[in-house]
Amino acid sequence: MSAPVKPMEGVQPAVAPRVAPFTLDSVFRQHASTVERWATRFGGPSVDRDDVVQEVFVVVSRRLPSFREETGSLTTWLYRITRNVIRHHRRRLRWRRFLRGGAEETAGHVPDARLPSDALEREDARRRLYAALDGMNDRHRTALILFEMEQQTGEQIAELMNARVATVWVWLHRARAELLERLAKQEAAS
Amino acid sequence: MSAPSRWTDGAANGPREQAAAELLRAAAEVSPSSPEQLAALLQGAKARALLRSPWAWLKVPLLVSAAGGLLWLALPRPEAPAPPPTAAKTNVDVNVDVDVDGDGDGDVAGQPADAVEHAPSAVAQLEALTLGGREHRRPSTSLGENGETPVQNHALSAAPRLRLPRASAEGLGVNGGGTGPKSSQPLGLNGGETARPVTVGAAAPDTLAEEARLLSLALTQLRKGHDAPAAVQTLEEHRARFPAGLLAREVKVALAEALRAAGRTEALLTLLAQLEAEGFSTYPRGAALQLLFAQVSAEQGLCAAALQLLDGLPAEHASAAEDVRARCAGP
């Protein structure tokens, strides 16, 4: 992430400007791929990645003027927005699943036979993994994804999740156990 | 607690953990969007942000409201509810009742109210003066020119109730000839009717009240006071002060009666000629006025004019018309 724009040296305004040094375009240019990746990994195949990315930057456009670096880094701020958007999408999917029934139907996942075999395998793996992850505790799930997929350190995860590092390790441990249990159930059911 | 090793880095220790790690590695692969796709995502985000802006969804209703307001201002305003029929249209002779003798019972010339039904109206009296007999007519009910019912005029409530002559139903049209103000509506004699409220129009209440006061005074002087010259003077005062007054027509009819009673034949003929020019049908009891004109003309030896005036008189005046013809036929 690029360093934020700082005021000109030697210029001491009488009153500190309350204008964010970021613009929507600059933030998008620098962080769109990261947000996209988060949307893919946290949302899973059931969530429309492009929809999530657009939603995130809609929120960014609205809140960017009030963003203050003193409250935290821009990356952390974007992550929290992305998490909330994904959480909202997943909650909506659960309601649709509940109302209409059929995880496959609401997930909108239809294996594309035109894809190459490795892509198909990858697609199937994602589907199985996220089927297991979807039923997990949200904090455990997040910790697992951030650690295993995002390759974040414990300290980085702690900052993102606003928790202590030890708590993050506990969540990770529980997430791993829960994942294995769910995958075993899938195996048994299939 | 020490930091654990990642399964995706090969630290998985069992077949199940390794299988899970495989899934995690597969799921971790992300196909990034192209720059064009990202640009499209940015434009999409901006469009969504605009739609969700409160001003975006307020804009349309605000525009519609503004357009509606401008349209409302531009369009002609609906007219105020039509006021009660004006006296100019309906004439007080329709509705103004004057208690001539001031006893509060709505009678005419000293007669009690229950005798009103058999008491001749002023025009009937006028007719009686010309016909040599007392006649009365059953009143005919009629509505205003626009079908409205008379409205009580509180401004006249203080004036003595005046029973004014009413034209016969066949005598009046809305646009009966002449240049005078239009008559109101077909009227019947008021001989048998009880007091009816006056219908007033756009004139100021105080002006109409003054007009009615003078007219009432004149009729009182004429019928109760038997002071025809005083009545003529009062009516002339009314004509001078209110040349286009709401009661102008009634005043002229009353003036004809007063001039007849005062014996001022020349002035009467002049007045009747004026009324003929305006059209007798536009006046209350127009047929009676026409007959009166014929009678006075015959008395003055103007038989040619008198016989011409007899044309078109209704059948109810047939007897009086025969008398005029007989007079003009000469000995």
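Within the shell of other residues whose beta carbon sits under 15 angstrom from the beta carbon of A:Leu24, the net charge comes to +4, with Lys and Arg scored +1 and Asp and Glu -1. Using the Cβ-Cβ distance between A:Gln30 and A:Arg164 with R0 set to 25 Å, the FRET efficiency from 1/(1 + (r/R0)^6) comes to roughly 0.30. The label-point distance for A:Thr75 and B:Lys224, in a model that sets each label 7 Å from Cα toward Cβ, rounds to 11.1 nm.
Each of B:Lys59, B:Lys252 was scored by other Cβ atoms within 10 Å of its Cβ. Listed from fewest to most, they are B:Lys59, B:Lys252. Loop-resident trypsin sites (Lys or Arg not before Pro) (DSSP state other than H, G, I, E or B) in the range A:23-77 with no more than 12 further Cβ atoms inside 10 Å of their Cβ: A:Arg68.
Would you mind counting up the charge near B:His238? Only other residues with Cβ under 13 Å from its Cβ, with Lys and Arg at +1 and Asp and Glu at -1. Computed value for this residue: 0. How long are the semi-axes of the equivalent ellipsoid of the range A:32-97, taking √(5λ) for every eigenvalue λ of the Cα gyration tensor, in whole Å from largest down? Semi-axis lengths for the range A:32-97 are 23, 12, 10 Å.
Since every read-out is calculated from the coordinates, none of them should be taken as a lab result. A quick note: this is a predicted structure, and the numbers were derived from the prediction, not measured. Here the Cβ is made from the backbone with ideal geometry for all residues, glycine too, and neighbour counts use every protein chain on show.
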